[in-house]
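This report concerns only the one structure given below.
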Amino acid sequence: MQSIHFGGYGIPKGATLDAEVLLMVQRKRMKLIAVCLLMAMMVLAGRLMQIQLFQTEHFSKHRVNLLKESVKQRTHEIILDDGRGQFLDRDGKPLSYEEKQVLVLFPFIRHLDWKNDRLGQILNVPAKELEKAVHHAEKPFVFGGKEPFILDDSQAAAINALKIPGAYAVAKKYEPSTGIAGQLIGIASENERVFNERYPKKVNSQSMKIGVTGLQESFDEFLLPESEAKLIYHVDGIGAPLFGIDVKYTGQGNSFYPLEVQTTIDRRLQAGMEEILDKNGVSRGGAILLNIETNDILAVASRPRIKPGDPFSNEGTKNLMFDQHVPGSVFKTAVAAAAMEKGLVDEGEAFNCSLDIRGEAAERNLGMLNLRSSFSQSCNRIFGELAARLMKADPQLLDDYARKLGLTGAASWEGTVFHVKGFKQFAHDKGKVFADDESRKDANFVVQTGIGQHEVRVTPVGVANMMAAIARGGEKKKIRAATAIQYGNGSPMYSFPVLNDSEESISKYTAIRMQQLLRSVVTDEKGTGSLFRELPYQVAGKSGTAETGILRDGRQLYHKWFAGYFPFENPKFSLVVVNMDVHEDQGAVNPIYAEMVSMIFHESETDGENGY
């Protein structure tokens, strides 16, 4: 028998093995390799099944839609409408988008005789400009780029009559250039992670846009897209047309979708409000206008504006009219209502308004004043005293009456909408009078609270709600920002009714007495609202100047308010304006308020279409 020497395989070097032993070792090695190969093939097959069968639409922890991505690799497309639901103004006109007729060009057109000279004549632009735009394009694009060339009806018809493959005049949706009511409408953006957290049972094969602020967030579930409207064509690996030069249109096949939300916003009043704020240099603050009959938001504007392209880089995405702030003397409205309804003040009682809330000499020597004069001239002394009386009678009275007036608490329309329970139209801070019970026991804190300082925080929307409730005789209502959700064809899907607030309110008698106090602010010779005497509407309201505790250039900053309603005899509007973080000698709010009242008169009284 032949013998050989073999080293390795666990056998000492130099050992002698016969051919049978060597063959056995080789067979074991081959079996081991075969098993490894089989296991690798099984792993690869499993991975392939995972990709092609089990997780095609949510692959890996990143939940990648592989079907969508594979099609995307071989598709050039331009989206004309992302399919997300939109917002309309109170007259049913688009508020959150603009539809523009534009020219869409596809890159493959450069390989054709595409009549660019005739196209240039229609557009009244040089043919070379069109050639240059197409030459550098890798994907379909709108001619004009970020500032698209807008076509009129005759130009659009003429372009499409040429029947040029790869050149189309189409209607495309854009975000509005004016950004009207931007903070109320809010922002929708793509965020796959948040989408999957919010809607884990939904398979999203189109846009990942979801609402992140404002009404976009509140109504998000109703606005999710069913499909996109787009022009598409397929390409091969080098970008050439795969199925010829035909461009296909895909769009919404269901006339009922996307849904639309009809808001309460009056476009003309909204535009007028924003123009006045900008003209007067309001950098932080804003205004809110309610319809007193329905408690609808007719206009609301917050500053700073949303910053285009980088919305979260400043406070622009915040609606400061829904955030809480120090109110100053505006809060005296709630103090006066509580004291009168509880019989803790006689209207003829006189107070020494030459003293401040600490009993020291005040900056203004107002002398002895009764309740009416103290309210109209905004004397601090009396309201510090009234707050102390209220706390002595019941430590919860100030909180209770702030809530009864609609100044604090939940103001937004809230109810069950289909399967959504507790649906709120908009989110807002609820405000507060005291931060905790310990503050109620401190006499110094209590008198500061009586003049709207210390821990008092209210929202402009809450202040507007209070003024509307007083104007209605004490009746409270929830505030609407939308009146209906409707189908894409305009037919109604759900209507939001005017909703009374079920919580307690002030008596009608107290409301009438408060109406007289608020009117005295304007009619009294020394009233803080005397500027409004000559306005086309008779105004009733209350001013407020609140210390913020913030210094700029070594000087205190203030929030300056005026809140009121008009016309006094037949109330229609509740308006609040606040100019925030301004120095004492700057940022006067009364001229801004007066300008807005005149604008509202002009828009609502000279044109009967609004029905106010």
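Every number here is computed from the coordinates shown, using simple stated rules; none is lab data. Everything numeric here is computed off the predicted structure, so don't read it as measured data. Reconstructed Cβ throughout: ideal geometry from the backbone, glycine too, with neighbour counts over all protein chains shown.
Local charge for Y558 was computed over the other residues whose Cβ lies under 13 Å away, with Lys and Arg +1 and Asp and Glu -1, and equals 0.
Amide H contacts of S412: I479, each under 5 Å away and 5 or more positions distant or on a separate chain (H built 1.01 Å from N in the peptide plane; Pro and chain starts excluded). Helices of the chain meeting both criteria, an alpha-carbon length of 24 angstrom or more along the long axis and an average Kyte-Doolittle score not below 1.0, with helices taken as full DSSP H segments, are 19-49. Electrostatic bookkeeping for Y401 treats Lys and Arg as +1 and Asp and Glu as -1; over the other residues with beta carbon under 11 Å from its beta carbon, the sum is -2. Simple point charges give the picture: +1 on the Cβ of Lys and Arg, -1 on the Cβ of Asp and Glu, and for the chain a dipole about the Cα centre of about 2080 debye.
Could you compute how fast the range 76-192 diffuses translationally, taking Rh as the Kirkwood radius over C-alpha pairs and applying Stokes-Einstein at 20 °C with viscosity 1.002 mPa s? Give it in µm² per second. Calculated translational D: 135 µm²/s. P(r) for the range 69-129, from all Cα pairs and a bin width of 5 Å, is 4, 11, 15, 15, 14, 12, 13, 11, 4, 1 %, short bins first.
Straight-distance candidates among the lysines for linking to K202, with alpha-carbon spacing under 26 Å and chain neighbours fewer than 8 residues away dropped: K61, K68, K72, K173, K230, K421, K424. When Cα extents along the principal axes in Å is calculated directly from the model, which label among (i) 76, 45, 44; (ii) 101, 55, 52; (iii) 131, 79, 50 fits? Recomputing Cα extents along the principal axes in Å here picks out (iii).
Given the alpha-carbon gyration tensor of the range 391-529, what are the semi-axes of its equivalent ellipsoid in whole angstrom, ordered largest first, with each equal to the square root of 5 times an eigenvalue?
Equivalent ellipsoid of the range 391-529: 33, 20, 13 Å, largest first.
Farthest towards the positive end of the charge dipole of the chain, among the residues A171, A40, G359, is the Cα of A40, using unit charges on the Cβ of Lys, Arg, Asp and Glu. For the pair Q516 and D91 in one chain, pulling the backbone fully straight at 0.36 nm per residue adds 149.5 nm over the alpha carbon distance. Computed on the range 249-341, the Cα convex hull volume stands at 202 Å³ per residue.
All other residues whose Cβ lies under 15 angstrom from that of N124 are scored, Lys and Arg at +1 and Asp and Glu at -1, for a net of -1.
All distinct Cα pairs of the range 411-479 go into the 1/r average, and the inverse of that average, the Kirkwood radius, is 14.3 Å. Under a cut-off of 30 Å between alpha-carbon atoms, report the lysines in cross-link reach of K31, not counting same-chain residues fewer than 8 places apart. Within the straight-line cut-off, K31 pairs with K13. When the listed pairs K526/K572; K476/K508; K508/K560; K139/K248 are checked against a 21 Å cut-off, the alpha-carbon distance exceeds it for K526/K572; K508/K560. Across the alpha-carbon atoms of the range 489-562, the computed radius of gyration and Dmax are 19.8, 59 angstrom. What's the FRET efficiency of S255 with E197 using the Cβ-Cβ distance as r and R₀ = 35 Å, to the nearest 0.05? The value I calculate is 0.65.
Taking 4.7 Å between C-beta atoms as the pairing limit, the chain has these partnerless cysteines: C36.
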